[in-house]
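Only one structure is covered here, and it is reproduced in the block below.
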Amino acid sequence: MRANRRCAAGIGMLLLLLGGCAGLHAPAEDDGLLASAAVVAGRARETGARIEVARFSAARPGDALPADWQPWIILPSKPATEYRLVDAGGRVALEAQAERAASGLYRVIRVDPHRHPLLEWAWRVPARVPGADPRIATREDAAARLIVSFHGDREKLDFADRAQLRFAKALSGQALPYATLMYIWANDLPRETLLRNAHTGRVRMIVVGSGRQGLDAWVTVRRNLLEDYRRAFGEEPWDVVAIGLMTDSDNTRSRARAYYGDIVLYAAP
């Protein structure tokens, strides 16, 4: 059980990349290595000046979750975060409650970030997660995460990257995207802190909310995906293939709660 918990630290959108665990052998072939390749091959790019990724405010409290938002389960044995549409102070929002739990929601979407670089959303975090620290794998929980997954040039993946991607697919049954950028609410790290995930360089985190400032109030965040991706990965981004969210408290074995408002992508001015 203790070893399984070490190997099961979850980190985001379609992500189960493990460090320090052995016992599975990677297949020799590369077919299906990147889930992002299938999205690009089978879906046209979204167009328009404004792309509504999520419009939770158009629903009513108690409605079913939008059909195009799918659950992301880290491991069947892990308790799942509960997501539901509620009245959150006069607006309908997606409430996330995690009781020693970790799971997320995501929406598959194909967007060219050069044409639609501006990502905006609102969230409300009532309290920090006690003991959480995104720098430490065994304490990597967050009250709120907004997650963006990208396609990319698989030829740039080194041996270690490919081995991790194959390993994760073998364990979870799901192929992973080329790269993932997470915007997180941290306990006390300075805003704009850029972090490499403890398990893989294919995931980078940017702190956009921190400490007590803004707690239990609606905060609107606007980010430039082009600038953030270049800073995080040192290259040009390819298409966005999914956007997700996650509230988790499994590593700290505590509770976490957050509210997520509408999510919008805007075309470049």
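The values are calculated or read from the model by the stated rules, or taken from the named source; none is laboratory data. Model, not experiment: these values are computed from the prediction. Note that each Cβ is placed from the backbone with ideal geometry, even for glycine, and that neighbours are counted across all protein chains shown.
Being in a strand (DSSP E or B), closer than 26 Å to H116 by Cβ and at pLDDT 90 or above is the filter here, so list the residues in the range 165-195 that pass it.
Within the range 165-195, A179, T180, L181, M182, Y183, I184, W185, L194, L195 meet the criteria.
Is there any pair with a first residue in the range 118-141 that is among the β-branched types (V, I, T) and a second that is not in a loop (DSSP other than H, G, I, E, B) whose Cβ atoms are under 7 Å apart and which are 6 or more apart or on different chains, and what are they?
Listed by first residue and then by second, the contacts come to V125/A143; V125/A144; V125/W185; V125/G209; V125/A258; V129/A142; V129/A143; V129/A256.
Give me the pairs: first residue in the range 212-223 and farther than 16 Å from L245 by Cβ, second residue assigned to a loop (DSSP other than H, G, I, E, B), beta-carbon distance under 7 Å, and six or more apart or on different chains, which are they?
L215/V125; L215/P126; L215/A127; D216/P126
Out of the range 222-250, which residues are assigned to a loop (DSSP other than H, G, I, E, B) and either within 15 Å of S149 (Cβ to Cβ) or β-branched (V, I, T) (or both)?
Of everything in the range 222-250, those that are assigned to a loop (DSSP other than H, G, I, E, B) and either within 15 Å of S149 (Cβ to Cβ) or β-branched (V, I, T) (or both) turn out to be P237, W238, D239.
Which residues, counting only those in the range 124-167, are among the hydroxyl-bearing types (S, T, Y) and either surrounded by fewer than 18 Cβ atoms within 10 Å (Cβ to Cβ) or under 12 Å from T247 (Cα atoms) (or both)?
If the condition is that a residue be among the hydroxyl-bearing types (S, T, Y) and either surrounded by fewer than 18 Cβ atoms within 10 Å (Cβ to Cβ) or under 12 Å from T247 (Cα atoms) (or both), then T138 is the only one that fits.
Take the residues of the range 48-80 that are of a type in the set (V, I, T) and modelled with pLDDT under 95: which is surrounded by the most Cβ atoms within 10 Å (Cβ to Cβ)?
Taking the candidates together, the pick is I74.
Show me the strands (runs of 3 or more DSSP E) found entirely inside the range 69-147 where at least 2 residues are among the β-branched types (V, I, T).
Fully inside the range 69-147 and qualifying: 102-111.
Given the options A258, A267, name the one that is hydrophobic (A, V, I, L, M, F, W, C), modelled with pLDDT of 95 or more, surrounded by 20 or more Cβ atoms within 10 Å (Cβ to Cβ) and more than 14 Å from the chain's Cα centre (by Cα). Let's see the steps before the verdict.
On the way: A267 fails: surrounded by 20 or more Cβ atoms within 10 Å (Cβ to Cβ).
Within the list A258, A267, the selection yields A258.
Can you give me the number of residues within the range 229-264 that are closer than 23 Å to A137 by Cβ and acidic (D, E)?
2
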